[in-house]
Each structure stands twice: as C-alpha cells, then as structure tokens.
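Asks: Handing you a structure now.
The values are calculated or read from the model by the stated rules, or taken from the named source; none is laboratory data. In this text, all values refer to a predicted model and were calculated from it rather than measured experimentally. All Cβ positions, glycine included, derive from the backbone under ideal geometry; neighbour counts span all protein chains shown.
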Amino acid sequence: MNRRHLLRLGALAPVALAFPKLATAASSKIVLGQSAAFSGPASALGERYKEGALLAFERVNARGGINGRTIELRSVDDGYEPDRCAENTQKLLKDDVFALFGYIGTPTSVAALPLATAARTPFFAPYSGAEALRSPFNRMAFHVRASYNDETAEIVKQITSIGMKRIGVFYQNDSYGKAGLDGMTAALKAHNLAAVGLGTVERNTVNVDAAVGTILADKPDAIVLISAYKSCAAFIRAARKQGFSGSFYNVSFVGTQALAAELGQDARGVAISQVMPLPFSATVPISADYLSAGKALGAKFEPNYGGIEGFVAARTIIEGLRQAGNNVTPETLVTALENMPELNLGGFFVDFTDRSHAGSKYVDMTILTAEGKVRH
C-alpha cells in the first residue's frame, strides 16, 4: 500500500491562535527541543532518528540557515519513560524552545503533547503511529509517518492473502502496545477475524516467557509483535525455541536494524512494515539525498530506517520554516505547514492541510535475512 496523496480540501482558513512566544528576526537560532530515548533498551531508536535529523539541519546551517538563522536541535534523554519525558518537556518549554521535534514513542509523546498544546508550541513528527496523537485533531501536532492503523491493516492484508487466519498478537503493555493492538483488532475485524492469542510485556523489560506460553497455546499461524526491539527479539527467540515455525510480523517502531542486530541469524524471515522508503539505496530521490548527506559522517554512517525518518522530518520542518518567511513564529510555522499540501521531498510526499496533519499513509513491507539484510 503506497497511498502518498490525501484528499484535496477546499480553501484553507487557519485558526488564529494567540501564541505567547514570538521568535524575532534578531534571534540567531531557531531552537527545537527533543526528548527521546538515548539510554536504556530503546536507545537505538532515539540515536538513529536524531542522527538522521542532524544530517539535514547541519547541511542547511552550513548553507546559511533559514533566512540567516541556524537551527539547533536540543536533545535530552528520557530513557523511553513517560514521567521523565514530561519533566524534560516542561524544562524545554520553560526555556522557550520554538517547537518540539522528533519525540520517540507513544507513551512519551502522549505525556508530552498536552504540555505542548497548553504552551501553544508545535509538536512535530513524533516517532509514533498512535491514533491517540492524531485524533481528535490537534492543530499543534504534525505527523510525517503513517499510523499504526495503516501499518496493521497492511500486515493483516499480507497475512490473510497467503491463507493464514490464526493470528496471535504480542504487545507492549502501555499506550504504544495498546494502540497497535487496537489497529490489529480493527484490521482483523475487517476480514471477519479476531486474534487467537494475546500476550504482553512491560515496557523496557524482556520478561516474555508468560506471553510466549499464552500465545503459542492457541496455535497461531503468525504472530504480530508490537513492542521495542529487545523484547521482540527475546520473544522471537523464545517462541522458536519452543518449536514455533510460523511467521513473525513487526510494525516499524520496532527498529529494523536494531532488531536484526539483536536477533543475529534468528532474524531470517521476520517481516517488518515500514513507513519510509528503503534507506540503503538510491531507489527514490529522498533516499539518494539521505545517503548523500550521510557521506559527511564518513565511515561511521550506517543508513537505517530511523535515520531516514529523522531526515524526512527535518527536511519537512525546514521547508515549513522557509515558507513561513523572515519573521517566523510558531503560529506562522503552523500556517505555513498547513499551506504545503503534497510536499514532494523526492518521491516521498507529505500532505498537511488545516483539517489534517496526518502527513503520510505510505506503508511498505520488508523481510529480514539471516545476514541482517532488509529485503522487499
């Protein structure tokens, strides 16, 4: 499923909001605040997203910035814990960051979004597909990735197309896992099916034995996993050790390369839905642009899905800042983004209007090899 264009809407009429902070033309920087996992078992997700975003920000800064102002990404660690994220967000807002950018995960983003909304501060490109961040419509929240509902619909479509109907679900016991479970429930219902086994794991743990036993007892043909890479890897290893020979499917948040690294040769045949184009080769212009920017890092650059998502998010907000003009404010940024329908970043489209900030529905399916490679 590669639906890149959303329904064209009528004349745009942005709602005027009284933003309390204004960024003057005299300011030398546009500061974006990010709270993300840079430690703990989900740290690879934050690190890779940030690396990709910095490729775009550092390149635009080297070329003179946005109307003479450089972009600074101020990143702080929350370890993928909502309480720490909320505390970080309060501090960033107190420091008058221009916008919040690139938060990692559903439970953390759910904790942060109300704070951003109250402060009238844009909340841009969270690394999450949860409907709770999209509905009801929030004028402060912008998304550059497809939702978990989009991903799970594509996963179920693929599973059922090859005749499998007994589908188990392993999910993280928090708002992320439950968002994915809701997507799976709706997708299965559309095919007159229901999950045949449910098992959970607590966030930032790998205590999966109970979930493995519960799900395998119902004899599924395939298991969909909605958790972070360490717990998913632990589940896959344990399930295979107990003789499960069926298929495993993951949503994109799992962290593709991180999961492959955790699994080693056990990665063979594990499927993952993706919400970004293939980052490893110049198959589309945005991928070529990402790979070209990555050359600045030299040998340490390893292209990955988290990186290209951060790069896409950064490219999008950069274009919004340009369109907002010389005296950019949070309000003019929001209005500029809402007036950029079908932004073509090079074969990947982001489509915002004043009625929808769900910028993409792009979903692609990939599979891992025993060597940790990603194949379509």
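Asks: With the condition kept exactly as written, say whether any residue in the stretch 56-67 is part of a loop (DSSP other than H, G, I, E, B), under 30 Å from residue 252 (Cβ atoms), modelled with pLDDT of 95 or more and not β-branched (Val, Ile, Thr).
Replies: Looking through the stretch 56-67, none of the residues is part of a loop (DSSP other than H, G, I, E, B), under 30 Å from residue 252 (Cβ atoms), modelled with pLDDT of 95 or more and not β-branched (Val, Ile, Thr).
Asks: Which condition breaks for residue 296 when tested against (1) in a helix (DSSP H, G or I); (2) modelled with pLDDT of 95 or more?
Replies: (2)
Asks: Another one. What is the number of the single condition among (1) surrounded by fewer than 18 Cβ atoms within 10 Å (Cβ to Cβ); (2) more than 30 Å from residue 259 (Cα to Cα); (3) out of contact with any Asp or Glu (no Cβ under 7 Å at 6 or more places or on another chain); (4) in contact (Cβ under 8 Å) with a residue 40 or more places away in the chain that residue 302 does not meet?
Replies: (2)
Asks: Please enumerate the residues belonging to the stretch 197-213 that are out of contact with any Phe, Trp or Tyr (no Cβ under 9 Å at 6 or more places or on another chain) and either buried (at least 19 other Cβ atoms within 10 Å of the Cβ) or of a type in the set (Ser, Thr, Tyr) (or both).
Replies: Initially, the stretch 197-213 is screened for residues out of contact with any Phe, Trp or Tyr (no Cβ under 9 Å at 6 or more places or on another chain), giving 202, 205, 207, 209-210, 213.
Of everything in the stretch 197-213, just one residue is out of contact with any Phe, Trp or Tyr (no Cβ under 9 Å at 6 or more places or on another chain) and either buried (at least 19 other Cβ atoms within 10 Å of the Cβ) or of a type in the set (Ser, Thr, Tyr) (or both), namely 205.
Asks: Right, something else. Considering the stretch 275-293 alone, what residues qualify as being part of a helix (DSSP H, G or I) and crowded, with 24+ Cβ neighbours inside 10 Å?
Replies: Step one: list which residues in the stretch 275-293 are part of a helix (DSSP H, G or I), which gives 285-293.
The one that is part of a helix (DSSP H, G or I) and crowded, with 24+ Cβ neighbours inside 10 Å: 290.
Asks: May I pose another question? Quick one: in the stretch 235-246, of everything that is outside any loop (DSSP other than H, G, I, E, B) and among the hydrophobic types (A, V, I, L, M, F, W, C), which residue is surrounded by the fewest Cβ atoms within 10 Å (Cβ to Cβ)?
Replies: 238
Asks: Here's a follow-up. Name the residue, out of 360, 356, that is surrounded by 21 or more Cβ atoms within 10 Å (Cβ to Cβ) and within 19 Å of the chain's Cα centre (by Cα).
Replies: Answer to the selection: 360.
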